Structures are given as structure tokens and as C-alpha cells.
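Read through the structure below, which is laid out as C-alpha cells, and then see the notes.
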Amino acid sequence: MAKRDYYEVLGLQKGASADDIKKAYRKLALKWHPDKWQQASEAEKKTAEQNFKEIGEAYAVLSDEQKRARYDQFGHAGMNGGFGGGGGNAGGYGFDGMDFDPFEIFREFFGGSAKTRTRTGRYTYSTTDNPFGGFGFGFGGDGSGFNPFQQEVKGQDINITLRVSLDDVMNGVNKQVKIKHSVSDESGTVRQIEEVIPIQLPKGVMEGQKFKAKGKGNAAPGGKGIPGDLIVNIEEIPHPELLRDHEDLVYNCLISFPVAALGGPVEIPTLNGRVRINVPAGTQPGKMLRLKGKGLPSKDTGVIGDLIVNILVYVPEKLNSDERKAIEKLTNSKNCTPTEDNRQSLFSRIKYFFTKQE
């Protein structure tokens, strides 16, 4: 890929003055310095690195009278692939193979010598020599040295677990949690306080969800910086009778053999009280009855799920003589003898149930 014209890189016309070159470099170097882009995406970081290298290269040539004269006469061919006597490469930023250091150019331009290179190739500066503050012109022209790109020190987050019932999930709830955390005043003095924090939980909240109360964690070290956050981790309290399957609820309903055979009414618990339903005659174990709209609201859509009644049939473990005789009369009954179709139908229901629980 062909190199761009150095004047174009700095946004200048050929014949620009030395002051124009300095002003253009200062503006672009502050814009594209990789330290400013540490919180950006990988693609944005890569773009910043390449732009920073490119403007450093352009400034290294155009700020030097002899190199600029050669460049004006011969273009990039007059540079012979190098700029003479640079300070190595900017390891860690992907500028390997270059015989100048864009970070060294940056440091020399803004002044200061308290620079140290880390193992990763990045540079650290003292408070007074930080290239993003303290070199006179500041940001906004007030000379304060304020650094809008420097990541503020943040206090420690506080993690708590908040237990919720299915009733809370159904209706949404405003919980009050009491925490102890550190705070700082305007002078930076840090002290411990106890505070009650309101946490509004929406309908359909699920176990494993996290909610954040911003700024309700601990104060930054020394009281200088931003406080951490309160992270609330949701844990569901098991219901004594109902199981949750996303927005649906499941109730394992145990009925007697006579009710399964003859049919009859049974009571089913819901989150809005108990309801009575009729079990059809001939109901098989594993049959699932669906009560529409008796489940939980979806946290995303608000649509209410269903209550699934899973039928289980109780077989008595002990029989008295009269019970035994009554059942023995059915032993050779054709209707009480399962067929292959009965077996396949029951197997399909059981297979569906266990697959859904995985």
C-alpha cells in the first residue's frame, strides 16, 4: 500500500510554516495517541496505532529542514527508507522495523524526561511529565493539565446475593438491602457508613441475573477517584410445590389409581391461589395438562407462561384383603392389560419429560 503524502497526513499544504507543522502535529498526536484508545475496540486501537505512527513519521520528516527539503524534491524516494539515528521501535504497538520511535517524537515535542518503558512496550510518565497533562497548554486552554483521557481510579465493587421468591418474580418487587461501604467527602476523607439501598426488580427476573447500583460500592483509594458499584446477584428461593422452567411452572400432581382410571377433580397450587381441575378418565402417568397463563411473565416480552401439571399415579405399597381381592378381579381383564401401543405412548411422554429437563 502506497504511503500517503506527509503534508496530507498532517492536513497541510506544501509550503506550510514550521508553526503550522507543530500545531497540526500537536492536535493529531493528542487525538491518536494509543493511550487515549485503551478502552476502545481492537479495530479502533489498531487504527489509532497506525495513525499515530503515520503522523509521527510525517512530523519527523517535515520538522527537520534537511529531510523536508529532500522530501519536497524527491518525495518518499528521497528518504531512502529511513530517517537516520532514531530511538528504536515502539515495541508493543506493532511498529517493528521502523528506525524511529513515534513515542520518542511525542515525548520530545511535549517535553519532559521522566518516561519509563514497560515490558509490553508502553510508556509511563511522572505526574509532571505525563504527555496528557502538565505541559503548559492543558486541555481547553486553561493550562491546568487536566487529563480527560486518563482512566480514573475506581473503588472496589461490592457483591451481594439477593434471594427472591416466585411471587417476587411474578409481580416484580422493590427490595431494600442494607450494606456497609466506604464513602469519601470533598476533602478525600474516607469513612465507613451503613446504608439502605433500594433495588427495583422487574417482573420475570431470573436466577443468575445481576443488577448494578452505580456508585454504591466502596470509595476509591485515598478518596480520589470514583466509587465502585454495588453488584446484586439474584438467587431464587425454591417454591415448596412448583418448579420453574423459564416462564413456565411445573407441578408434579400425584393422583390415585382410581382417579387416573375413573377421572375426578384435583386441586392444583398456583401463584394466585389453588384451583380445581378435572383429570380425564383413563389419564396415564406422565400425561401433562396445561393451564394457560398461570406461569410467570417473560423478562423480555412480559408474556405470561403456563402451568404444566405433570400427572403421576400412586400405586399403594400395602393392600388389605378386600383391596387385594378387588384388584385381583382385574388381573385378567383385557382393559387392564397394556398393549404395545400403550407402552410406546407412555414411553414417548416420559422421554419428552426427561429431554425437557436437560
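The values are calculated or read from the model by the stated rules, or taken from the named source; none is laboratory data. This structure is a prediction, so every number in the text was calculated from the model and none was measured. Don't worry about glycine lacking a Cβ; one is built from the backbone with ideal geometry, like all the others, and counts go over all protein chains shown.
Here are some notes:
Table: residues versus (1) among the charged types (D, E, K, R); (2) modelled with pLDDT under 80; (3) over 30 Å from Asn272 (Cβ atoms).
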| site | (1), (2), (3) |
| --- | --- |
| Asp99 | yes, yes, yes |
| Glu104 | yes, yes, yes |
| Phe139 | no, yes, yes |
| Gln151 | no, yes, yes |
| Met170 | no, no, no |
| Asn174 | no, no, no |
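- Unmet criterion (only one of (1) over 24 Å from Leu307 (Cβ atoms); (2) modelled with pLDDT of 90 or more; (3) among the basic types (Lys, Arg)) for Arg276: (1)
- Taking (1) modelled with pLDDT of 90 or more; (2) more than 30 Å from Asp168 (Cα to Cα) in turn, Val266 satisfies each apart from (2).
Listed here are the residues, each with its yes/no results for (1) free of Cβ contacts under 8 Å to residues at least 12 places away in the same chain; (2) surrounded by fewer than 10 Cβ atoms within 10 Å (Cβ to Cβ); (3) outside any loop (DSSP other than H, G, I, E, B).
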site: Gln156; (1), (2), (3): no, no, no
site: Asn174; (1), (2), (3): no, yes, yes
site: Gly188; (1), (2), (3): no, no, no
site: Glu195; (1), (2), (3): no, no, yes
site: Ile199; (1), (2), (3): no, no, yes
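- Hits in the stretch 251-296 (condition: among the charged types (D, E, K, R) and touching a residue at least 24 places away in the same chain (Cβ under 8 Å)): Lys287, Lys294
- Scanning the stretch 215-224 for residues that are of a type outside the set (A, V, I, L, M) and either closer than 14 Å to Asp185 by Cβ or in contact with a Pro (Cβ under 9 Å, 6 or more places away or on another chain) (or both) gives Gly215, Lys216, Gly217, Asn218, Gly222, Gly223, Lys224.
- If you go through the stretch 214-267 and pick out every residue that is aliphatic (A, V, I, L, M), within 27 Å of the chain's Cα centre (by Cα) and buried (at least 18 other Cβ atoms within 10 Å of the Cβ), you end up with 5.
- Residue selected from the stretch 275-303 under the condition of a type in the set (A, V, I, L, M, F, W, C) and surrounded by fewer than 18 Cβ atoms within 10 Å (Cβ to Cβ), by the criterion farthest from Cys253 (Cα to Cα): Val303
- Pairs meeting the criteria (first residue in the stretch 303-318 and touching a residue at least 40 places away in the same chain (Cβ under 8 Å) and assigned by TED's automatic domain parsing to the domain that holds Gly282, second residue assigned to a strand (DSSP E or B) and acidic (Asp, Glu), beta carbons under 6 Å, at least 6 apart or on different chains) are Gly305/Asp248; Asp306/Asp248; Ile308/Asp248.
- Residue match in the stretch 196-211 (condition: farther than 25 Å from Lys299 by Cβ and outside the structural domain of Asp300 (by TED's automatic domain parsing)): yes
- Identity of the residue in the stretch 1-21, surrounded by fewer than 15 Cβ atoms within 10 Å (Cβ to Cβ) and not small (Gly, Ala, Ser), that ends up nearest to Glu108 (Cα to Cα): Asp19
Every residue, every condition in (1) at pLDDT below 70; (2) surrounded by 13 or more Cβ atoms within 10 Å (Cβ to Cβ); (3) under 18 Å from Tyr7 (Cβ atoms); (4) within 45 Å of the chain's Cα centre (by Cα), yes or no:
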residue: Lys31; (1), (2), (3), (4): no, yes, yes, yes
residue: Asp35; (1), (2), (3), (4): no, yes, no, yes
residue: Ser41; (1), (2), (3), (4): no, no, no, yes
residue: Thr47; (1), (2), (3), (4): no, yes, no, yes
residue: Glu54; (1), (2), (3), (4): no, yes, yes, yes
residue: Ser63; (1), (2), (3), (4): no, yes, yes, no
residue: Gly75; (1), (2), (3), (4): no, no, yes, no
residue: Phe83; (1), (2), (3), (4): yes, yes, yes, no
residue: Asn89; (1), (2), (3), (4): yes, yes, no, yes
